[in-house]
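One structure is given here, and the rest of the page talks about it.
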């Protein structure tokens, strides 16, 4: 359990922030969960009303409060569109920490988060073993998209089409990098991220190839851990702080101008949630977190704003491939990054960008939400699927590997052969064919 001092501090902060909400209901119009259920308890306004009586509810029905609070995608749509500027994401995350501090973690989450995720070496080893044996339990589902499905009846996987674990994770391909700046005069720290490392290692390789091409020095330390978003979204501040400290230590070993990632969720976590939720008792850690957060950029944003893209006029003889773009919530709504990924796509004359309807509507993954509420997650995902198909595209791009998983699932189950790519992959095809 968290310390009484820490819980008291978080409760006071919640009290101060909850008073900002005017109960106007604007969050209803943009909440993807409310659009499916129509329940007031599923929208931000309903959850905020519940949290106003959190102290009393903690003793009356703590599990009920936790269930209603966890039924949220944490997509940030409500916060991005709130006329009163309520810090909804911050409130929900702090409330989850308070509830977990009061009730403790479930045995399963304690094993997963504190026994595995908090220890990068153990986490890496377990995933590598999983990749070796996954073919026993899975079979190919859609060859074009590269998805698999469960070979046997499984409570967790039976209804899903998923991207399998990479045969070799990226940290085994290239364990360490430390190169000097080239013609750009810039050196970056490269934060790979769990999904890129373990499921999409080709994206990490493309990032390195693009950075090398532009003369950017790269520092990529060994032993990178998770950014901590699974832990803190489960209310586990202990594992979160442990992972933040671990990553700070390994990145402190070298000087760099920016920290870049190709994962929208990792970017928003390091820039926004690290400073917001890091252990306040250590001023030194807080200072280091704020410093690295200020240097952190999404890879699309870095290439456009700090380097500059190569671009050529479309050859009249080239028949471009139609591509559409899905805005990850953590990029557009949390960080305001939406033009830059499109710039990377447009830089490649072999592609024609066709905007889909509601490109910034949440895809419905929401991390652990997808595991706990898969039917709801899939319903929201089908709306994204229909919008993708409405664009008439052959390729759908997005800057978030988690969104790539959800979109791949929806496309694969519908039998569509639309390829899912990261904007960096499309840009790399042009500059390094």
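Key figures
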item: Any pair with Cβ under 7 angstrom, 6 or more apart, that starts in the stretch 233-261 at a residue that is outside the structural domain of residue 330 (by TED's automatic domain parsing) and ends at one that is at pLDDT below 95 and not in a helix (DSSP H, G or I); result: 233/74; 233/367; 236/105; 237/2; 241/278; 241/279; 244/278
item: In the stretch 19-36, the residues that are in contact with a helix residue (DSSP H, G or I) (Cβ under 7 Å, 6 or more places away or on another chain) and either at pLDDT 90 or above or surrounded by fewer than 17 Cβ atoms within 10 Å (Cβ to Cβ) (or both); result: 23, 25, 27, 28, 30, 31, 32, 33, 34, 36
item: Residue within the stretch 150-166 that is at pLDDT 95 or above and exposed (fewer than 14 other Cβ atoms within 10 Å of the Cβ) present; result: no
item: Selection within the stretch 324-342 - surrounded by fewer than 18 Cβ atoms within 10 Å (Cβ to Cβ) and part of a helix (DSSP H, G or I); result: 339
item: Residue 96 vs. criteria without any contact (Cβ under 8 Å) to a residue 40 or more places away in the chain, crowded, with 18+ Cβ neighbours inside 10 Å and not in a loop (DSSP other than H, G, I, E, B); result: no
item: Residue within the stretch 18-31 that is farther than 30 Å from residue 150 by Cα, under 21 Å from the mean Cα position of the chain (by Cα) and not in a loop (DSSP other than H, G, I, E, B) present; result: yes
item: Matching option when the condition is under 22 Å from the mean Cα position of the chain (by Cα) and crowded, with 21+ Cβ neighbours inside 10 Å, among 88, 127, 65, 116; result: 88
item: The stretch 135-148, subset assigned to a strand (DSSP E or B) and free of Cβ contacts under 8 Å to residues at least 60 places away in the same chain, residue farthest from residue 418 (Cα to Cα); result: 138
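The values are calculated or read from the model by the stated rules, or taken from the named source; none is laboratory data. All figures in this text were calculated on a predicted structure; none of them were measured in a lab. Note that we place each Cβ from the backbone using ideal geometry, even for glycine, and neighbour counts take in every protein chain shown.
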